[in-house]
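Okay, so here's the structure we're looking at.
Rule-based calculations on the coordinates, nothing more; no lab input. In this text the structure is predicted, and so the values were computed from the model without any measurement. Cβ coordinates were reconstructed from backbone atoms using ideal geometry, including for glycine residues, and neighbour counts include every protein chain displayed.
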Amino acid sequence: MNYVIIGNGTAATGVIEGIRVVDHESPITVISSEPYPVYGRPLISYMLLGKTTEEKMLQYRPTDFYEKNGVTTMLGKTVSAVDSAAKTVTLESGEVIPYDKLCIATGSRPFVPPMDGLDSVEAQTPFMTLDHAKRLRELLGEGKDKRVLIVGAGLIGLKCAEGIINLAQSITVCDLAPRILPNVLEEHPASIIQKHIEKQGVKFLLNDSVAHFEPNQAQMKSGAVVDFDVLVVAVGVRPNTDLAAMAGCEVNRGILLNDHMQTSVPDIYAAGDCTVSHDIAAETDRILAILPNAYMQGETAGMNMAGGNRAFDKSIPMNASGFMGLHMITAGSYEGEAYIVEDEDSYKMLVTKDDRLRGFILIGDVERAGIYTSLIREKTPLSSIDFDLIKERPQLMAFSSTERVHKLGRAH
Amino acid sequence: MKRVYVNEKWCLGCHLCEYYCAFANSGKSSMVKALKDHKIAPRIKIEERNNISFAVSCRHCEDPLCVKGCISGALTVVDGAVHIDSNKCVGCYTCILSCPYGALSTSNEGAIQKCELCQKNEHGKPMCVQGCPNKAIVYEER
């Protein structure tokens, strides 16, 4: 068996480790445009903040990871074509590599909407890869004298703002949406985080977008004018699906999969940000570009590529993030009946529907949040637990004594 | 593999496991030096309500969601035990979001903390078990 993986992010790591659970022998080839060993993409903001270094980032897996797993890496090489009839992938260099089982783990790319005058801005970068982070670090220089405009108040834009909080003279974040983190939070909790970030000196222009760029200036639709030295475009990401489409895989925004991570084309699997997931909290198909999901999909794909039989059917949106010392954990869907508790330091929202916990938002006190996550993931009937206790705080006491014996008295 | 198991019927709710844990991971030579005037932050924690109490610490799952979701590679499985490299941890708390038992916690140092079965401190085997006066916490194969 000859395994080929396109991409070298977290999903690809899952594929390698998944294959090796079942098949310890057959060769694996990993092809990636990026010249680096695997790293956790969300770490780039932590690197700028000084909480990690490039060297540590590149230790997502030990240095001997590829060698120990019998993986041939082709880094800094880009795949230009996949031929599913001939079962080959072709590199830009013209080199042709055959496969028996292929996994497409091509991730996503920054989405840059057409914005008037954007091309005239020299000092700009997206914020997704290690190279983007390095470029941003270079653009900021050592003087703490640069005014930064970040377009996009989603997770990427705000983590970027946190990352450079001590490296920039000023930071302005704008977004078309009326609130920050529009895909992750509801209005009120978003305002809590926004106030906290504003206290650190970051300015927000919400409900607003850039009408026109000059090299060092953004003229906003509202009429506001923002002078900047460095521009970060963090509007969103789009799945990289071109190669999958070329191979004949069904694609609808992302690559379509069954619960074994198989595409519609035999012997081609896919995993990670390039795919469409089934969100079991909202009971809908959507793109879930989040790291734990990428790993789980990758591992599932790998096991199945190697002849195993593993399903992954527990995808939910979820995020753990902090902004300048204020922590936030969210998961699931917010459609249903909301239970909200708020005090000076923290905010909690639990959302239930049809006897199940569907989603939650925790800000400030996030301890033991995973107990909530597992209620969503396992579709636990709320009638089977003491929901009043769960509302109070995440705790195993809320489960029946039989269930507690199972949880704490057995190997898992 | 040997793991820490808890039998709530035998738990007295005395919290000694928490003190032994804090001592074991303090690097100090005596319990007095480790605990006197310190607010402890143990990796095993008692839940209690009415007459029920029990200790909760890392289950060292065979299929650990915390390790799979870790964004930095700080959480790893070594011979079946889930370890944390606090030097690599950036404190994103994705593991706290992921763990179904609520067994990882924040710490003042920024990195998360969790039970490592006392394999990385000088005691070598779980001190919570040794400190439990009623064998409500045991370390064995199951």
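Provide the FRET efficiency to the nearest 0.05 for the A:Glu214-A:Asp131 pair, computing r from the beta carbons and using R0 = 25 Å.
FRET efficiency, A:Glu214 to A:Asp131: 0.45.
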**OP:** Identify, among B:Ser86, B:Ser57, B:Tyr19, the residue whose Cα sits farthest towards the positive end of the charge dipole of chain B, taking +1 on the Cβ of Lys and Arg and -1 on the Cβ of Asp and Glu, with the dipole about the Cα centre.
**Re:** B:Tyr19
**OP:** Rounded to whole Hz and in sequence order, give me ³J(HN,Hα) for segment A:114-124 from the Karplus expression 6.51 cos²θ - 1.76 cosθ + 1.60, θ = phi - 60°, writing x for Gly and Pro.
**Re:** x, 10, 4, x, 4, 5, 6, 8, 6, 8, 9
Original post:
Simple spin-label model, 7 Å along Cα-to-Cβ: A:Glu342 to B:Lys36 in nm?
Top reply: 4.7 nm
**OP:** Could you point to the residue in A:Met1, A:Ala177, B:Ser107 farthest towards the positive end of the protein assembly as shown's charge dipole, with +1 and -1 charges on the Cβ of Lys/Arg and Asp/Glu respectively?
**Re:** B:Ser107
Subject >> Cβ neighbours within 10 Å from other chains - mean over B:59-71 >> reply: 5
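Does chain A come out rounded, prolate or oblate by the C-alpha gyration tensor, with a ≥ b ≥ c the root eigenvalues, rounded set by a/c under 1.5 and, if not, prolate when a/b is larger than b/c and oblate if not?
On the way: a/c = 1.81, a/b = 1.06, b/c = 1.70.
Verdict is oblate for chain A.
Compute the relative contact order of chain A as a whole-number percentage, counting only Cα pairs closer than 8 Å that sit 6 or more residues apart in sequence.
RCO, chain A: 16 percent.
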Subject >> Amide H contacts of A:Gly236 (H built 1.01 Å from N, under 5 Å, at least 5 apart or other chain) >> reply: A:Phe111
Original post:
Sequence-distant or interchain residues sharing an amide H contact under 5 Å with A:Tyr269, placed H: which?
Top reply: A:Leu102, A:Cys103, A:Ile104, A:Thr263
Subject >> segment A:118-235: relative contact order in percent, alpha carbon pairs under 8 Å with at least 6 residues between >> reply: 36 percent
Original post:
What 222 nm value per residue comes from the helices of chain A, counting each DSSP H run with n ≥ 4 as -39,500 (n - 2.57) and dividing by all residues, nearest 500 deg cm²/dmol?
Top reply: -7000 deg cm²/dmol
**OP:** Kindly flag which residue pairs out of A:Lys159/B:Lys120; B:Lys9/B:Lys120; A:Lys144/A:Lys199; A:Lys195/A:Lys348 have an alpha-carbon separation exceeding 21 Å in this structure.
**Re:** A:Lys159/B:Lys120; B:Lys9/B:Lys120
Subject >> segment B:30-142 - percent relative contact order, Cα under 8 Å, separation 6 or more >> reply: 20 percent
Original post:
In chain B, what cysteines have no partner Cβ closer than 4.7 Å?
Top reply: B:Cys11, B:Cys14, B:Cys21, B:Cys61, B:Cys70, B:Cys89, B:Cys92, B:Cys99, B:Cys118, B:Cys132
**OP:** Please list, or write none, the lysines whose alpha carbon is within less than 17 Å of the alpha carbon of B:Lys68, excluding same-chain residues fewer than 8 places away.
**Re:** A:Lys314, B:Lys88, B:Lys114
Subject >> Length gained when the stretch B:Arg49-B:Asn108 is fully extended (0.36 nm per residue, less Cα-Cα span) >> reply: 18.5 nm
